[in-house]
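Okay, so here's the structure we're looking at.
A short reminder: the numbers here are calculations on the coordinates, not readings from a lab. Predicted model, so just to flag it, every value in this text is computed and none were measured. Cβ placement follows ideal geometry from the backbone for every residue including glycine, while neighbour counts extend to all protein chains displayed.
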Amino acid sequence: MNIFKVITSVFAVGLAVLSIVSAQDSESDVPTECDRGVRRHHPTQANAYQVLTRKDFQNQWISYRRPKKFQDEPRSGRPNTANNDGNTARVDELIKVDRRVKLKEISLKLIIPKTNVYEIVHDKLGYRKVSARWVPNMLSDEHKRQRVEISQILLHRCQQEGDETVDVGPGGDHRARNKLLEHLITGDETWLHLRTPETKRDSMTWKHPSSPVTKKFKVQQSATKVMATVFWDSRGMILLDILPKEESVNADRYCETLDRLRHVVRRKRPGLLRSGVVLQHDNATPHTTKRTKEWLERYRGAIIPHPPHSPDLAPSDFHLFGSLKRHLEGKKFEDEDEFIGEVRDWFSKLDANFFTQGIYSLLPRWQKCIALHGDYIEK
């Protein structure tokens with residue numbers, strides 16, 4: 001009996017749907033053959049299906065398909081009490097004791113779910129885990145004091161000497177430049193390998209999901225390398241000296257390089273020797289020997305002080321050599337002459353603004369060094 005009622009109801013619903021689909025106008029009140037069939041067999045349900053037009057059916061179907069939001073009803077049980085002020089304070093204390101502690105270790109010590117520990121650490125306490133930054137050396141308090149003191153002296157000297165008007169282009173343009181930095185010539189040495197593999201980041205390529213996986217073989221730096229001594233100022237390159245293989249940089253060799261520098265400055269920077277050259281180099285042994293000091297006294301060469309272990313305050317280290325070595329990455333050279341030719345060609349193509357930017361970046365770096373109380377400058 002129940003089965004018969006179910007079959008009859010299904011038949012009535014089917015007739016109603018057919019009536020809706022066959023209607024010519026959603027607002028028409030003229031009963032169709034399906035409507036009369038529904039009234040005849042199920043008079044109690046006929047009125048309900050008769051008023052359901054095609055538009056009404058579409059609206060009901062759209063509302064049925066639209067996603068619905070559900071919310072749990074209040075129920076008995078233990079509430080979530082892990083994210084309270086007490087646990088937050090305990091997590092903060094564990095992190096301050098051990099900055100490398102893992103979330104799993106905190107979860108086991110405090111018996112708190114790891115998901116709650118993550119919310120406390122990141123959302124409430126605002127911690128984020130970062131890698132340590134590599135620095136050239138471990139600076140002592142004395143080193144930091146010297147860095148701050150020398151930066152203050154040089155900044156004060158720049159302000160005291162003031163600006164001067166210099167010629168900045170072939171068209172006769174003039175611009176005010178700092179007098180100390182315009183007379184400054186900086187120099188340093190660096191090793192250049194004939195083959196320097198490009199980094200993994202530099203070898204990144206665009207890849208489609210269907211593209212094959214690219215592979216990169218590990219390559220070591222070549223054992224063949226040359227020592228390059230470079231001197232430059234805010235206007236451009238002055239001297240590039242390549243050390244022969246059988247020689248090493250000592251006091252005698254460095255003084256010979258200074259002799260060549262003096263002759264090149266007289267040719268490339270007329271009048272600079274007469275007005276006064278200010279030389280900047282680091283505290284490497286060939287730069288601070290008695291022989292080098294005697295040479296500087298003989299030619300009345302002025303030296304600005306440079307703090308120890310401070311490549312971030314040497315323009316050649318933080319501005320010039322990095323760009324040169326990135327240019328040489330991934331390139332192969334047949335012999336040393338081709339390699340040296342590529343280095344000289346790279347220097348000759350550099351714009352004058354590149355050198356000006358490197359020299360004048362000393363001003364903000366001295367200021368940052370003072371603000372950081374002598375610590376290393378990241379950028």
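Can you tell me the length gained on complete extension of the stretch Trp134 to Arg157, counting 0.36 nm per residue apart and subtracting the Cα distance? Walk me through the numbers on the way to the answer.
On the way: separation 23, 0.36 × 23 = 8.28 nm, distance 3.15 nm.
5.1 nm is the gain from fully extending Trp134 to Arg157.
For the range 264-333, with only Lys/Arg (+1) and Asp/Glu (-1) charged at the beta-carbon, what is the dipole magnitude about the Cα centre, in debye rounded to 20?
Numbers: 14 positive and 6 negative charges, 110 e Å.
Here the range 264-333 has a charge dipole of around 520 debye.
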Which one of Cys369, Thr356, Leu324 is farthest out on the positive end of the charge dipole of the range 316-379, using unit charges on Cβ (Lys, Arg +1; Asp, Glu -1) and the Cα centre as origin?
-> Cys369
What is the Rg over Rh value, at two decimals, for the range 301-370, using alpha-carbon atoms and the Kirkwood definition of Rh?
-> 1.07
Which pairs, out of Lys225/Lys290; Lys245/Lys268; Lys245/Lys368; Lys114/Lys144; Lys215/Lys245; Lys129/Lys332, put more than 32 Å between their alpha-carbon atoms?
-> Lys245/Lys368; Lys114/Lys144; Lys215/Lys245; Lys129/Lys332
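Work out the length of the dipole vector of the range 221-310 about its Cα centre, built from +1 on the beta-carbon of each Lys and Arg and -1 on the beta-carbon of each Asp and Glu, and round it to the nearest 20 debye. Write down the numbers at each step before the final one.
Values: 16 positive and 10 negative charges, 88 e Å.
The calculation lands at about 420 debye.
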20 Å reach of a label modelled at Lys349, 7 Å along Cα-to-Cβ, counting backbone N of the range 300-336 | 319-336
